[in-house]
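Working notes, structure below.
The values are calculated or read from the model by the stated rules, or taken from the named source; none is laboratory data. Computed from a predicted model, the values in this text were never measured in an experiment. So basically every Cβ, Gly included, is an ideal-geometry build from the backbone, and we count neighbours across all protein chains shown.
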Amino acid sequence: MSGDELFALLVSIALGGIGWKLWIEGLLTLKPEFRRSSTRLLATVTPLLSAAIMFFVLRQWAAHDVRSSGVYTGFYLAMWFGWTGAMNFLLGIVGLSCRGDVLERGNPAAGLAVSGAMLGLTIAFAGGNIGDGPGWWVVIFSAGLASATMLGLWIAGDFLSRVADAVTIDRDVAAGWRTWGFFVGTGLILGRAVAGDWHSGGQTVVDFIAKGWWALVLWAIAVGLDVLLRPTPHKPAPNRLLCGLLPGLLYLAASVVVVLWQGTWR
């Protein structure tokens, strides 16, 4: 490994340690009275599933020198660890805290939202690893483009719909399912938009806009439904299936159709 790769590795490990610290501590040290089986299961399975997705993408579709080297596969897994650690910290700032909302308060709606966010960000980062490129910095550029767009859409959508309040304060499981579908769906679209062989930063942005604009369509639909279906004094708990799981699965299905329609990145 070169000097800059070693530097990136150390920074990734440090960011991952900081960003995942509260999540892991919550799983390991919280007293039984703070634990709820469903939220604890989500908080346990989500990182493992995210790591499995990242490993699969690296071994199947990353650059040839990554696929053929256990060292470089481990290097980019460490970068994923740091990336999601940093994003886990940012999610707490924008209204979704695994330690506070999910593990300490046992909020199932927040558990779904945080799980979806972590899976979506993993998929977006994985997309930045797909294809051949000159080094780790192109992964940061591509994945940063996808992840920043995803978080920006979430912040803008929350400003308009207050969906974070529905999830964390009202504990609306339907809103949690819709948020899960939104994050995973946008992760698929934006991750696909940055996937492919590297040519230049400008070309990456052009391709990202050409392929990723579908995320705006999903975002507009999600915001509209979040406003329409948010809890009210007359209906404090919207139907979990019709108002939550079904829309969330439709977001996911639509995103899969978009990705398949765009075809292979090669």
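Miscellaneous remarks
- Selected residue (criterion: nearest to residue 107 (Cα to Cα)) from residues of the range 21-49 that are surrounded by 14 or more Cβ atoms within 10 Å (Cβ to Cβ) and at pLDDT 90 or above: 46
- Just one residue in the set 153, 229 is more than 15 Å from residue 96 (Cβ to Cβ) and hydrophobic (A, V, I, L, M, F, W, C); that residue is 229.
- Looking across the range 141-168 at every residue that is among the hydrophobic types (A, V, I, L, M, F, W, C) and under 18 Å from residue 50 (Cβ atoms), the one that is surrounded by the fewest Cβ atoms within 10 Å (Cβ to Cβ) is identified as 151.
- When the range 91-109 is filtered for residues that are part of a helix (DSSP H, G or I), of a type in the set (A, V, I, L, M), buried (at least 18 other Cβ atoms within 10 Å of the Cβ) and modelled with pLDDT under 90, the ones remaining, listed by number, are 91, 102, 103.
- Scope the range 114-132; condition surrounded by fewer than 24 Cβ atoms within 10 Å (Cβ to Cβ) and in contact with a Ser or Thr (Cβ under 8 Å, 6 or more places away or on another chain); matching residues: 119
- All helices (runs of 4 or more DSSP H) inside the range 1-85 with 3 or more residues being among the aliphatic types (A, V, I, L, M): 3-29, 37-61
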